[in-house]
Amino acid sequence: MAWPGLPAAPWVLVALVYGILLWVFALYVMAHLVVGLPAFLGFSDVAWIALVAHVLFAWTTAAVVRSRDGE
């Protein structure tokens with residue numbers, strides 16, 4: 001079960017949403033509000049690379065959790 005309210009969501013979609021939310025948290029909350037850098041680092045190349053990295057991290061984590069759960 002991926003989300004309690006949406007049990008039929010495929011794990012790839014759940015990982016994609018999680019990766020994007022993690023990126024928003026990292027680049028807006030942590031980098032902008034905590035550290036004081038421009039929001040989303042001004043959407044520079046580093047921000048887009050960070051988005052790809054966060055989504056890949058989420059997909060990898062979801063795949064490992066799914067394989068360990070025996071699905």
Is there any pair with a first residue in segment 18-36 that is farther than 13 Å from ALA53 by Cβ and a second that is at pLDDT below 95 whose Cβ atoms are under 6 Å apart and which are 6 or more apart or on different chains, and what are they?
TYR28/ALA39; ALA31/LEU37; HIS32/ALA39
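Among the listed residues VAL24, VAL64, VAL17, which satisfies the condition of being surrounded by fewer than 11 Cβ atoms within 10 Å (Cβ to Cβ) and either in contact with a helix residue (DSSP H, G or I) (Cβ under 8 Å, 6 or more places away or on another chain) or among the hydrophobic types (A, V, I, L, M, F, W, C) (or both)? Write out each step before concluding.
Numbers: VAL24 fails: surrounded by fewer than 11 Cβ atoms within 10 Å (Cβ to Cβ); VAL17 fails: surrounded by fewer than 11 Cβ atoms within 10 Å (Cβ to Cβ).
The unique qualifying residue is VAL64.
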Can you name the number of the only condition in (1) under 17 Å from the mean Cα position of the chain (by Cα); (2) in a helix (DSSP H, G or I); (3) modelled with pLDDT under 95; (4) not polar (S, T, N, Q) that ILE20 fails?
(3)
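On the basis of being of a type in the set (A, V, I, L, M, F, W, C) and under 29 Å from ALA9 (Cα atoms), does PHE25 make the cut?
Numbers: of a type in the set (A, V, I, L, M, F, W, C): yes; under 29 Å from ALA9 (Cα atoms): yes.
Criteria met by PHE25.
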Of all the residues that make up segment 23-46, how many are out of contact with any Pro (no Cβ under 9 Å at 6 or more places or on another chain), assigned to a helix (DSSP H, G or I) and over 22 Å from THR60 (Cβ atoms)?
11
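The values are calculated or read from the model by the stated rules, or taken from the named source; none is laboratory data. Predicted, not measured: the structure shown is a model, and the values here were computed from it. Virtual Cβ from ideal backbone geometry, glycine too; neighbours counted across all protein chains shown.
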